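Below is one structure, written out as structure tokens; the observations come after it.
The values are calculated or read from the model by the stated rules, or taken from the named source; none is laboratory data. This structure is a prediction, so every number in the text was calculated from the model and none was measured. Neighbour counts run over all protein chains shown; Cβ positions are idealised from the backbone, glycine included. Ligands, DNA and RNA are stripped out before the accessible areas are found, and what is left, the full protein with its side chains, is counted by its heavy atoms. Shrake-Rupley method; radii C 1.70, N 1.55, O 1.52, S 1.80 Å.
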Amino acid sequence: MDLKKVIIIGGGFGGLSAAKELVKHRFDITLIDKTNYHLFQPLLYQVATAALSPGDIANPIRSVFNKQSKINIIMAEVTSIDREQRTVKYNNSTLSFDYLIIAPGSKHSYFGKDKWERFAPGLKTLNDALKIRENILLSLETAERVHDPAEREKYLNFVIVGGGPTGVELAGAIAEIVNKNLMRDYKNINSKMTQVFLIEALPVLLQSFPEKLSKQAIKDLNHLGVKVLVNKRVSEINEEGVWLGDELIRSQNIIWAAGNQASLLLLTLKIDLDRSGRAEVNEDLSLNGSHNIFIIGDAAAYKDDHGKFLPAIAPVAIQQGKFVAKSINKDLSGKTRGKFIYRDRGTMATIGKAKAVAVIKGFNLSGLFAWFTWCVVHIMYLISYRNRIRVMVEWAWYYVTNRPGIRLIVKESNKHINSGVN
Ligand SMILES: Cc1cc2nc3c(=O)[nH]c(=O)nc-3n(C[C@H](O)[C@H](O)[C@H](O)COP(=O)(O)OP(=O)(O)OC[C@H]3O[C@@H](n4cnc5c(N)ncnc54)[C@H](O)[C@@H]3O)c2cc1C
């Protein structure tokens with residue numbers, strides 16, 4: 001009997017979780033990803049701030065499935081999906097499917113101001129993290145040799161736009177390294193000269209967290225020397241820095257952590273998408289009118305029983321991947337698919353080296369205990385034992401010595417992101 005062909009687009013949290021479940025059953029599985037690795041995005045900011053190296057948080061997809069003969073891995077970018085013909089296109093190839101799982105994730109969105117990206121990169125890929133890391137190190141090097149205080153200021157001002165978990169984690173980590181850990185390597189600059197700004201348009205940080213924890217996050221960030229500016233809307237970003245109306249924060253180090261939009265691949269489905277470019281899916285995560293096509297993770301808009309959209313976080317993608325794989329298997333045995341129910345095990349964000357805020361099973365946690373819980377959870381979710389051990393060793397080293405690891409500038413051109421040469 002011919003096996004049913006299942007194509008999975010994306011080897012991130014959702015796609016990988018679906019593949020791991022499907023290989024337990026009899027299917028002809030193809031996983032297509034434009035990179036050759038699975039990326040643990042929650043620790044990207046640690047690569048951007050030189051606490052971890054790229055290999056600590058990325059794993060080749062082939063090595064995840066190297067003992068599985070049932071899965072075919074293709075490294076390619078899928079460029080279109082034809083729902084009627086049941087095909088996907090990549091490079092010059094077309095592949096047909098019986099079932100399709102679409103899990104291409106999301107990218108950052110500049111709310112129509114795409115020209116800002118050149119001056120304020122977002123943090124989504126390993127490449128982004130390495131670019132940001134080099135820019136931070138390059139700024140410190142430039143500030144060290146520039147003697148005019150007004151000129152030096154722009155290399156020592158660090159601006160993060162967006163006060164969600166990514167912005168909060170980045171601001172805390174940058175404040176820690178530029179105010180404490182790296183400064184002893186330089187002779188002409190010191191922590192009194194650096195400023196880290198976190199800008200948020202809403203009146204609060206970490207909007208999805210309880211008010212108490214959001215206030216605690218501001219306190220902890222202030223303690224690390226971060227200037228938190230809430231209720232402030234960015235009006236322009238250019239080579240000079242960030243404009244908040246008439247006010248200019250001069251900076252060569254701006255990081256965008258303010259908006260997300262689903263992968264543009266979804267446009268080729270020719271269906272209605274929401275404001276964030278996501279596709280609304282049925283209760284079994286299939287697409288309306290296409291029972292055999294599922295969308296999961298950051299690309300899916302799925303409401304819980306209270307009518308709230310599920311957040312774009314890794315546990316949602318992982319649980320959805322497993323659910324759709326099981327549903328496909330149920331189809332073959334004539335069972336009904338059922339409805340996807342998200343099991344919320346908590347949310348958390350770190351603030352610097354030894355503090356965090358977390359909501360776990362309705363309990364609010366903060367401080368060192370929340371941070372320790374954050375460390376354990378992130379190590380558990382890393383995909384390989386090798387990465388778990390490497391990250392544990394790196395963190396232990398950093399905790400004891402206060403010195404981040406990879407501080408090399410390898411880019412040949414020593415131009416800053418803000419100069420427009422990336
Ligand atoms: C900086 C940062 C910090 C985060 N921190 C946390 C956190 O602390 N906790 C948490 O739970 N979540 C966190 N998240 C969110 C979490 O990483 C995402 O919700 C999760 O990765 C979504 O999973 P996914 O499978 O939908 O997409 P992804 O994991 O993004 O995977 C998408 C995959 O699809 C591939 N792809 C995309 N387009 C194509 C194409 N056209 N063809 C082929 N392949 C394609 C990509 O290469 C990628 O491998 C963070 C995200 C970021 C960026």
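Figures for the structure shown
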{"quantity": "Apportionment of accessible area to carbon and sulfur, the chain, percent (1.4 Å)", "calculated": "51"}
{"quantity": "Area of Phe97 that stays accessible when all protein chains are in place (1.4 Å probe, Å², to 10)", "calculated": "10"}
{"quantity": "Rg and Dmax of segment 149-202, Cα atoms only, in Å", "calculated": "12.0, 39"}
{"quantity": "Segment 1-86 - convex hull of alpha carbons, volume per residue in Å³", "calculated": "108"}
{"quantity": "Kirkwood Rh (inverse of mean 1/r, distinct Cα pairs), segment 190-337, angstrom", "calculated": "18.8"}
{"quantity": "With eigenvalues of the C-alpha gyration tensor scaled by 5 and rooted, segment 216-276, Å", "calculated": "32, 18, 11"}
{"quantity": "P(r), alpha carbons of the chain - 20 Å bins starting at zero, rounded %", "calculated": "26, 55, 19, 1"}
{"quantity": "D (Stokes-Einstein, µm²/s), Kirkwood Cα radius, segment 85-188, 0.890 mPa s at 25 °C", "calculated": "143"}
{"quantity": "Violating pairs (Cα-Cα greater than 19 angstrom) within the set Lys124/Lys361; Lys89/Lys322; Lys107/Lys131; Lys20/Lys67; Lys212/Lys355; Lys20/Lys330", "calculated": "Lys124/Lys361; Lys89/Lys322"}
{"quantity": "Accessible surface, 1.4 Å probe, highest first, among residues Ile360, Ile132", "calculated": "Ile360, Ile132"}
{"quantity": "Evaluated over segment 107-164, the Cα radius of gyration and Dmax, each in Å", "calculated": "13.4, 39"}
{"quantity": "Given charges at beta-carbon only (K, R positive; D, E negative), |dipole| of the chain in Debye", "calculated": "1160"}
{"quantity": "Where the Cα pairs of segment 258-317 fall when distances are cut into 5 Å bins, in %", "calculated": "4, 19, 31, 27, 15, 4, 1"}
{"quantity": "Partners for Lys215 among aspartates and glutamates (Cα-Cα distance below 14 Å; same-chain residues under 8 apart left out)", "calculated": "Glu200"}
{"quantity": "Neighbourhood net charge (12 Å Cβ-Cβ; Lys/Arg +1, Asp/Glu -1) for Tyr90", "calculated": "0"}
{"quantity": "Residue-level accessible surface for Ser106, protein heavy atoms, 1.4 Å, Å²", "calculated": "20"}
{"quantity": "Nearest-10 value in Å² for the accessible area of Arg62, using the 1.4 Å probe", "calculated": "140"}
{"quantity": "Cβ crowding within 10 Å averaged over residues, with 172-183, 379-390 ranked highest first", "calculated": "172-183, 379-390"}
{"quantity": "Table column - 3J(HN,Hα) (Hz), segment 362-378, Karplus curve with 6.51, -1.76, 1.60, x for Gly and Pro", "calculated": "x, 8, 8, 10, 8, x, 5, 5, 5, 5, 5, 4, 4, 4, 4, 4, 5"}
{"quantity": "Gaussian network model of the chain, springs between alpha carbon atoms under 10 Å - residue of Gly346, Gly11, Gly112 with greatest fluctuation", "calculated": "Gly112"}
{"quantity": "Average accessible area per residue (Å²) across the chain - probe 1.4 Å, nucleic acids and ligands excluded", "calculated": "48"}
{"quantity": "Extension gain, Thr79 back to Ala396 (0.36 nm per residue minus Cα-Cα distance, nm)", "calculated": "109.9 nm"}
{"quantity": "Heavy-atom accessible area ranking, 1.4 Å probe, most first, across Leu221, Leu202", "calculated": "Leu202, Leu221"}
{"quantity": "Unit Cα scatterers, Debye sum, segment 282-401: log10 I(q)/I(0) for q = 0.12, 0.14, 0.20, 0.21 Å⁻¹", "calculated": "-0.60, -0.75, -1.10, -1.15"}
{"quantity": "Estimated D of segment 179-263 in µm² per second, where Rh is the Kirkwood radius over Cα pairs and Stokes-Einstein applies at 37 °C, 0.692 mPa s", "calculated": "221"}
{"quantity": "Computed Kirkwood radius, in angstrom, where 1/r is averaged over Cα pairs of segment 68-133", "calculated": "15.1"}
{"quantity": "Share of alpha-carbon pairs per 10 Å distance bin for segment 60-103, given as whole %", "calculated": "23, 48, 27, 2"}
{"quantity": "Lysines whose Cα lies under 16 Å from that of Lys335, excluding same-chain neighbours fewer than 8 positions away", "calculated": "Lys326"}
{"quantity": "Sequence of Trp395, Trp116 when ordered by accessible area, the most exposed leading, probe 1.4 angstrom", "calculated": "Trp395, Trp116"}
